[in-house]
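Q: Following this message is one structure expressed as structure tokens.
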Amino acid sequence: MRGVWVLGGGGHAKVAIATLQSDGKTVAGVYDDDASKQGAVLLSARIDGVTPDLSWWQAEPRSALIAIGNNATRQRVAELPADWVTATHETAHVHDTVRVGSGSLICAGVVIQPDANIGRHVIANTACSIDHDCTVGDFCHIAPGVTLAGEVTVGARAFVGAGATIIQGVHIGTDAIIGAGAVVTKDVLSGDKVAGVPARKISNG
């Protein structure tokens, strides 16, 4: 396989590059549409400025990974034609029965237990724990240090903030936001934002 292009040149791109390298993949370069970043180097990978219409990209198939933390933006970028690569850090523990969708990033120290199902373009960020029979929808971001107990369901594009804990069997709706450090003991509706211990709704979807 030719090198993998990383789409997005912010801080999260460093994590993506490190994970790709740990997974034995070569990074071809980094694309970011911020012209001020052109020529900068992230972990030996150069940020290249390109034309806004991305005609150069569509001229031939390319392998790529989206390194953008914002779920909605990541979903828009995923509409590009590409061979979306999944990367798993060598220190992650992912059981053989786990299903991981294309374009997902499994970072250092992540634990994913038997029969979990991880969707497309998911970020399982540093040292998060996803227990047995969990389902994480497409374009979710599970932030560093999150704990999902068994049989938790996380809807598409939901964001679970750093250090949050979701107890067993809870359902998190699509586009929901879970605040950092929250302890979620009951279902969260689509689009709602919750925070605190125990978590309470702070805004409606």
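Q: So, in the range 119-139, exactly how many residues are assigned to a loop (DSSP other than H, G, I, E, B), out of contact with any helix residue (DSSP H, G or I) (no Cβ under 7 Å at 6 or more places or on another chain) and surrounded by 24 or more Cβ atoms within 10 Å (Cβ to Cβ)?
A: Final tally of qualifying residues: 3.
Q: Which one of the conditions (1) touching a Ser or Thr at 6+ places or on another chain (Cβ under 9 Å); (2) more than 18 Å from Ile123 (Cβ to Cβ); (3) crowded, with 17+ Cβ neighbours inside 10 Å does Val152 fail to meet, given that it meets all the rest?
A: Of (1) touching a Ser or Thr at 6+ places or on another chain (Cβ under 9 Å); (2) more than 18 Å from Ile123 (Cβ to Cβ); (3) crowded, with 17+ Cβ neighbours inside 10 Å, only one is false for Val152: (2).
Q: Same structure again: For the range 1-57, name all the residues that are modelled with pLDDT of 95 or more, among the β-branched types (Val, Ile, Thr) and either part of a strand (DSSP E or B) or surrounded by fewer than 18 Cβ atoms within 10 Å (Cβ to Cβ) (or both).
A: none
Q: Let me ask something else. Which count do you get for residues in the range 172-194 that are within 21 Å of Phe139 (Cα to Cα) and either outside any loop (DSSP other than H, G, I, E, B) or of a type in the set (Ser, Thr, Tyr) (or both)?
A: 9
Q: Among the residues of the range 100-118, which ones are over 17 Å from Ala149 (Cα atoms) and assigned to a strand (DSSP E or B)? Even if it seems obvious, please write down each step before you answer.
A: From the range 100-118, those over 17 Å from Ala149 (Cα atoms) are 100-108; that's our starting set.
Of everything in the range 100-118, those that are over 17 Å from Ala149 (Cα atoms) and assigned to a strand (DSSP E or B) turn out to be Val100, Leu105, Ile106.
Q: Do we find that Gly163 is closer than 19 Å to Lys25 by Cα, in a loop (DSSP other than H, G, I, E, B) and not hydroxyl-bearing (Ser, Thr, Tyr) in this structure? Explain how you work it out, then say what you get.
A: Numbers: closer than 19 Å to Lys25 by Cα: no; in a loop (DSSP other than H, G, I, E, B): yes; not hydroxyl-bearing (Ser, Thr, Tyr): yes.
Answer is no for this residue.
So that you can scan it fast, the table gives a plain yes or no per residue for (1) outside the structural domain of Thr135 (by TED's automatic domain parsing); (2) in contact with a helix residue (DSSP H, G or I) (Cβ under 8 Å, 6 or more places away or on another chain); (3) hydrophobic (A, V, I, L, M, F, W, C):
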| residue | (1), (2), (3) |
| --- | --- |
| Ala64 | yes, no, yes |
| Val77 | yes, no, yes |
| Val100 | no, no, yes |
| Ala108 | no, yes, yes |
| Gln113 | no, no, no |
| Asn117 | no, no, no |
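Residue-wise test of (1) in contact with a Pro (Cβ under 7 Å, 6 or more places away or on another chain); (2) closer than 30 Å to Asp33 by Cα.
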site: His93; (1), (2): no, no
site: Thr97; (1), (2): yes, no
site: Ser102; (1), (2): no, yes
site: Ile112; (1), (2): no, no
site: His121; (1), (2): no, yes
site: Gly150; (1), (2): no, no
site: Ala164; (1), (2): no, no
site: Gly169; (1), (2): no, no
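Q: Counting only residues that are in a loop (DSSP other than H, G, I, E, B) and of a type in the set (Ser, Thr, Tyr), how many does the range 61-92 have? First the steps, then the outcome.
A: Of the residues in the range 61-92, the ones in a loop (DSSP other than H, G, I, E, B) are 61-62, 67-70, 78-82, 85-86, 89-92.
Now drop any that are not of a type in the set (Ser, Thr, Tyr), which leaves 86, 91.
Residues meeting the conditions: 2.
The values are calculated or read from the model by the stated rules, or taken from the named source; none is laboratory data. Nothing here was measured: the structure is a model prediction, and the numbers come from that model. In this analysis, Cβ positions are derived from the backbone assuming ideal geometry, glycine residues included, and neighbour counts consider all displayed protein chains.
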